[in-house]
Amino acid sequence: MKIFRAEPLRRYHFHDFRLAWIDRFLVKMEREKPDFNRRMFDEDFGSLFSLTNRRSGNIFDIVSNDEEFSQNLLGNIKTRYSPHSVDETIRELVEEIAQSLNWSGCAFFFLQDDDLREKIHMTSFSPYGVFRLFGTHVQWVPKRLKRHWDRDDEELSRELRILDSTKVMSFEMPRSIKRMLSTQNRTLAILDKHEFREANFHSQATHENPNPTNHFDFRVWRDTQERALYRATRKTGWNGRKYDSTRRSDFFDCHRLIRFRRNQLLLRDEILNQLSGELSRVGKSYKDEFSIEISGAKELPSVAKLNELEVRLAREEVGFKEIIDYCYKH
């Protein structure tokens, strides 16, 4: 096994790894095929900004004691869609962090110095196999194959990469949200396991009885699944993308929508808070006493406004349209 200081391995391709028992112990395996409800929830919960936010500018307030260096940091972040403006970069970065937190509970970025262009590039890397050892981030890399198109594949030995902590930015899911999601996801996993099992209850046709009578009530089956889904998602407020149920009232849907949007905004604000802290920390290795604070501008929806709408809804002082417009259009 090689132990050395190095940059992190960006992406884990598990099909190229040769995993031994110690690798399986230290490296949390990635889910190869996301489950039905869990995949939908991760996508919905990680979409922290509405379509209106995506088209508008100046949605973040940035306060720093070194504006030029802040632009250098924020202007060279490599996000999924490589947006150009700083506002779009921060929005995309926050959603990318949110998706990683939903998926694995943590997110990591690494700073690379481009001395020729005098720029600092910030890129994400896989959280699998990364942990802290005596205050230092290390990455465990199992044995793996390095594929070549012009020669035989090369087998690389196991590695323990010691990362430069002054260039690593780490993000964690808030404990309150993490506990809430953990409880919910256990039930979603069971629902996903039995999502399409109703086919097992069909009576099998035979030569003697080609049209068997089926006494299984599929309406009860679907109703039971729906009730279990709503009970599991009560704290998050997620509706499971069910928009056509005649059993739910508008009052029920609006309360759920407010709860779900509020949890999203709590996650958004926590990510912005962690982002401000991490940027300030890594920036100090370049500029002494550097600090930066990023927060949502007044154009973005707020937890306080949602709390106000919830109180007014309970008092029947606000219409459903106003709540839906605020949650979806802001």
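The values are calculated or read from the model by the stated rules, or taken from the named source; none is laboratory data. The structure presented is a predicted model; accordingly, all values stated were derived computationally and were not measured. FYI the Cβ positions are ideal-geometry reconstructions off the backbone, even for glycines, and counts take in every protein chain you see. Only protein heavy atoms, including side chains, enter the accessible area calculation; ligands, DNA and RNA are left aside. Shrake-Rupley method; radii C 1.70, N 1.55, O 1.52, S 1.80 Å.
Can you compute the label reach from K178? Point 7 Å from Cα along the Cβ direction, backbone N cut-off under 11 Å, restricted to the stretch 92-130.
Flagged as within label range: 105-107.
Going by the alpha-carbon gyration tensor, a ≥ b ≥ c the square roots of its eigenvalues, is the stretch 210-330 rounded (a/c under 1.5) or, if a/c is not under 1.5, prolate (a/b greater than b/c) versus oblate? Write down the numbers at each step before the final one.
Numbers: a/c = 4.30, a/b = 1.95, b/c = 2.20.
Cα axes put the stretch 210-330 in the oblate bin.
Counting only C-alpha contacts under 8 Å and six or more residues apart, can you give the relative contact order of the chain as a whole percent?
Working: 433 pairs, mean separation 77.6, N = 330.
Reported as a whole number, the value is 24 percent.
Taking amide H positions as placed in the peptide plane 1.01 Å from N, state which residues far from G296 in sequence (5 or more) or on other chains have amide H under 5 Å from it.
The list, which skips near neighbours in sequence, is D61.
Please return the longest stretch of the chain lacking exposed loop sites, where GluC sites (Glu not before Pro) count only if DSSP places them in a loop and at most 16 other Cβ atoms lie within 10 Å. Could the numbers behind the result be given before it?
Details: sites that count: E30, E32, E118, E195, E208, E289, E299, E316, E317.
Value returned for the longest uninterrupted segment is 33-117.
Using amide H atoms built in the peptide plane, which far-off residues or other-chain residues are under 5 Å from S285 H to H?
Amide H neighbours of S285, under 5 Å, 5+ apart: none.
Round to a whole angstrom and tell me the spacing of the C-alpha centers of the stretch 130-155 and the stretch 252-279.
If we compute the Cα centre of each part, the gap is 35 Å.
Give the long-range amide H neighbours of E159: residues separated by 5 or more places, or on another chain, with amide H under 5 Å away, using H modelled in the peptide plane at 1.01 Å from N.
Long-range HN contacts for E159: K2, V141.
Quick one: order I3, I90, I62 from most to least accessible surface, probe 1.4 Å. All intermediate terms of the calculation are to be shown ahead of the outcome.
On the way: I3 105, I90 0, I62 50 Å².
Largest accessible area first, the list is I3, I62, I90.
Counting only helical runs of four or more DSSP H residues, what would the 222 nm mean residue ellipticity of the chain come to if each run contributes -39,500 (n - 2.57) and the total is spread over all its residues?
Working: 10 runs with 139 residues, N = 330.
Computed ellipticity for the chain at 222 nm equals -13500 deg cm²/dmol.
For the stretch 307-321, just list the computed ³J(HN,Hα) in residue order, Karplus coefficients 6.51, -1.76 and 1.60, θ = phi - 60°, integers in Hz, with x standing in for Gly and Pro.
Result, ordered by residue: 4, 5, 5, 5, 5, 5, 5, 5, 8, 6, 10, 9, x, 5, 4 Hz.
Could you order T206, T246 by accessible surface area, starting with the largest, using a probe radius of 1.4 Å? Kindly include the intermediate steps, with their values, before the conclusion.
Values: T206 65, T246 135 Å².
In descending accessible area the options line up as T246, T206.
Restricting to DSSP loop positions (anything but H, G, I, E, B) with no more than 12 other Cβ atoms inside 10 Å of their own Cβ, which trypsin sites (Lys or Arg not before Pro) remain in the stretch 115-153? The partial results should precede the final answer.
Details: sites: R117, K119, R132, K143, R144, K146, R147, R151; in loops: R117, R147, R151.
When the trypsin sites (Lys or Arg not before Pro) of the stretch 115-153 are filtered for loop state and at most 12 Cβ neighbours within 10 Å, R117, R147, R151 remain.
Just the number, please: carbon plus sulfur as a percent of the accessible area of the chain, 1.4 Å probe, no ligands or DNA/RNA counted.
Values: 9680 of 19390 Å².
It is 50 percent, rounded to a whole number.
With the Cα gyration tensor of the stretch 141-270 giving a ≥ b ≥ c as the square roots of its eigenvalues, does the rule (a/c under 1.5 for rounded; else a/b larger than b/c for prolate; else oblate) give rounded, prolate or oblate? Before the final figure, lay out each step's value.
Numbers: a/c = 3.75, a/b = 1.36, b/c = 2.75.
Judged from the Cα gyration tensor, the stretch 141-270 comes out oblate (a/c at least 1.5, b/c at or above a/b).
Considering the values [x] 5, 24, 36, 26, 7, 1, 0; [y] 5, 20, 26, 23, 15, 8, 3, 1, 0; [z] 5, 23, 30, 24, 12, 4, 2, 1, 0, which represents P(r) over Cα pairs in 10 Å bins from 0, in percent as calculated for the structure under consideration?
Correct label is [y].
Pick out, in residue order, every one of the chymotrypsin sites (Phe, Trp or Tyr not before Pro) in the stretch 91-145 that is DSSP loop and has at most 14 other C-beta atoms within 10 Å; say none if there are none. Spell out each step's value before the answer.
Working: sites: W103, F108, F109, F110, F125, Y128, F131, F134, W140; in loops: Y128, F134.
Sparse-neighbourhood loop chymotrypsin sites (Phe, Trp or Tyr not before Pro): F134.
For K305, what accessible surface area do you get with a 1.4 Å probe? Give it in Å², rounded to 10.
60 Å²
Taking the solvent-accessible surface of protein heavy atoms with a 1.4 Å probe, what is the per residue accessible area of the chain in Å²?
On the way: 19390 Å² over 330 residues.
Normalised by residue count, the accessible surface of the chain is 59 Å².
HN-Hα J couplings of the stretch 282-296 from phi, Karplus 6.51/-1.76/1.60, θ = phi - 60°, integer Hz, Gly and Pro as x?
Each residue of the stretch 282-296 in turn: 5, x, 5, 6, 9, 10, 4, 6, 5, 8, 8, 10, 10, 9, x Hz.
Of the residues L111, L300, L313, which exhibits the maximal mean-square fluctuation in a Gaussian network model of the chain defined by a 10 Å Cα contact cut-off?
Looking only at L111, L300, L313, the biggest GNM fluctuation is shown by L313.
Of the listed peptides 281-288, 69-76, what is their order by residue-averaged count of other C-beta atoms within 10 Å, with the highest listed first?
69-76, 281-288
For the stretch 101-108, in order, what is each residue's ³J(HN,Hα) by Karplus, 6.51 cos²θ - 1.76 cosθ + 1.60 with θ = phi - 60°, in whole Hz (x at glycine and Pro)?
5, 4, 7, 10, x, 8, 8, 9
If Lys and Arg each add +1 and Asp and Glu each add -1, what is the summed charge of the other residues whose beta carbon sits under 10 Å from the beta carbon of S285? Working shown, then result.
On the way: positive: K167, R281, K284, K287; negative: D164, D288.
Computed value for this residue: +2.
Evaluate the charge dipole of the chain about its Cα centre and quote only its size in Debye, nearest 20, assuming +1 on the Cβ of each Lys and Arg and -1 on the Cβ of each Asp and Glu.
Numbers: 57 positive and 53 negative charges, 241 e Å.
The calculation lands at about 1160 debye.
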